[in-house]
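**Q** What follows is a single structure, and I will ask about it in a moment.
The values are calculated or read from the model by the stated rules, or taken from the named source; none is laboratory data. Since the structure is predicted, the reported quantities are computational estimates derived from the model, not experimental observations. Note that each Cβ is placed from the backbone with ideal geometry, even for glycine, and that neighbours are counted across all protein chains shown. Remember, those area values only see protein heavy atoms, side chains included, never the ligands or the DNA or RNA. Shrake-Rupley method; radii C 1.70, N 1.55, O 1.52, S 1.80 Å.
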Amino acid sequence: MAQRFLSSPNRFSARFAFIFTISLSCTYLCYSILFCRGTIMTHQGYEGKRCAKNAGGKKLLGKLSDNCASLDVRSALDEVGVHRDPSDVRDQSKASASSGTHWTDAKLKNISVAQKYGNKKLPNALIVGVKKGGTRAVLEFIRIHPDVRALGTEPHFFDRNYDRGLDWYRGLMPRTLDSQITLEKTPSYFVTREAPRRISSMSHETKLIVVVRNPVTRAISDYTQTLSKKPDIPTFEELAFKNRSQGLVDTTWNAIRIGMYIIHLENWLQYFRLSQMHFVSGERLITDPRIITDKHFYFNRTKGFPCLKKPESSSQPRCLGKSKGRTHVQIDQEVIEQLQEFYRPFNIKFYETVGHDFKWD
């Protein structure tokens with residue numbers, strides 16, 4: 001009886017000790033959570049103050065700048081309703097490459113972020129030529145990438161508006177984040193004598209994209225476009241030759257001169273390394289399935305070349321303007337062969353210089 005009496009308090013003590021231990025553990029856990037939350041919020045507030053203090057200044061410390069940029073991106077993404085894992089912010093290209101839809105979403109989100117938090121910068125890269133080579137298509141295709149923002153119109157800064165100054169030029173550019181590339185295109189730069197020197201003065205490290213095309217086909221396309229605007233101009237044959245019977249080509253006609261690519265390239269190589277220039281074949285944009293896939297494009301049989309499934313800032317498919325893919329004027333085969341013969345030495349030297357045979361002969 002005495003043992004049963006004594007055992008009851010022991011059981012009660014054990015139960016009380018168990019309950020007390022559980023309560024103490026829960027209390028400790030709650031305080032730990034509150035303490036950690038306060039520390040994190042304080043740290044984020046401190047980082048925000050550091051970033052605000054350094055905003056607009058030079059990047060004195062790379063690590064600090066990266067942290068500030070990361071905070072800006074996180075804040076901006078939160079405001080536009082985007083929730084991502086931090087690794088996605090650090091490696092955006094990896095996240096955007098998973099699917100066509102995801103890539104388009106990433107592009108649209110980056111536009112929203114850039115417009116609010118980005119800065120207007122001088123372009124990192126330029127599509128400098130050539131006219132009627134496919135520059136508009138290349139611009140539209142490149143700007144699908146979420147890390148590229150491009151000026152839609154041709155500013156003609158380095159050929160017609162240079163006297164307006166770099167501040168005017170910068171003001172035309174779309175806002176971009178530090179991680180994004182600013183791009184513009186003006187095809188006439190490639191044949192403008194002063195353009196390479198002027199662009200080099202802006203930045204020696206500018207990347208240059210040159211879209212080239214069979215010079216005979218390019219000349220016919222050029223003439224076709226002009227004819228649509230000026231129906232009274234002379235025939236293609238009259239403009240292309242000084243004396244057709246003698247095979248004398250008129251190199252003063254711009255449609256012919258543009259296709260003498262090596263002459264213009266030699267001017268560019270006085271100011272830029274060949275490694276800074278990327279040459280794109282206008283023909284391969286249409287014919288090579290390794291370049292054009294159904295991920296972002298579909299082939300439009302009426303136009304004769306690929307169209308965008310979802311261009312920038314739109315959820316609807318879009319082809320290039322009605323001036324693109326225009327049916328060429330019919331030119332006599334003998335005229336085409338004469339021009340091919342004329343361009344052959346220029347083409348060969350161009351192939352040798354850039355290290356690529358475009359097979360235009």
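**Q** For the range 100-200, what is the charge dipole size about the Cα centre, in debye to the nearest 20, if Lys and Arg each add +1 at the Cβ and Asp and Glu each add -1 at the Cβ?
**A** On the way: 18 positive and 10 negative charges, 22 e Å.
The dipole of the range 100-200 has a size of about 100 debye.
**Q** In whole angstrom, note down how far apart the Cα centers of the range 197-268 and the range 139-190 are.
**A** Rounded to whole Å, the Cα centres lie 23 Å apart.
**Q** Over all directions, how big on average is the projection of the convex hull of the alpha-carbon atoms in the range 182-249, in square nanometres?
**A** Mean shadow area of the hull around the Cα atoms is 6.8 nm².
**Q** Quick check: with the 1.4 Å probe, what order do 332, 178 take by accessible area, largest first? If you can, show how the numbers build up before the last one.
**A** On the way: 332 75, 178 95 Å².
Result, largest first: 178, 332.
**Q** Report, for the range 106-231, the % of DSSP beta bridges that are antiparallel, rounded to 5.
**A** Values: 2 of 12 bridges.
Of those bridges, close to 15 percent are antiparallel.
**Q** Identify the trypsin sites (Lys or Arg not before Pro) of the range 177-223 meeting these criteria: DSSP loop state and at most 11 other C-beta atoms within 10 Å of the C-beta.
**A** On the way: sites: 185, 193, 197, 198, 207, 213, 218; in loops: 193, 213.
The qualifying sites are 193.
**Q** Let me ask something else. What translational diffusion coefficient, to the nearest whole µm²/s, does the range 113-227 have by Stokes-Einstein, given a Kirkwood radius computed over alpha-carbon pairs, a temperature of 20 °C and 1.002 mPa s viscosity?
**A** Numbers: Rh = 14.8 Å.
My calculation gives 145 µm²/s for D.
**Q** How large is the Kirkwood hydrodynamic radius of the range 215-283, in angstrom, based on all distinct alpha carbon pairs? All intermediate terms of the calculation are to be shown ahead of the outcome.
**A** Values: mean 1/r = 0.0718 Å⁻¹.
13.9 Å is the Kirkwood radius here.
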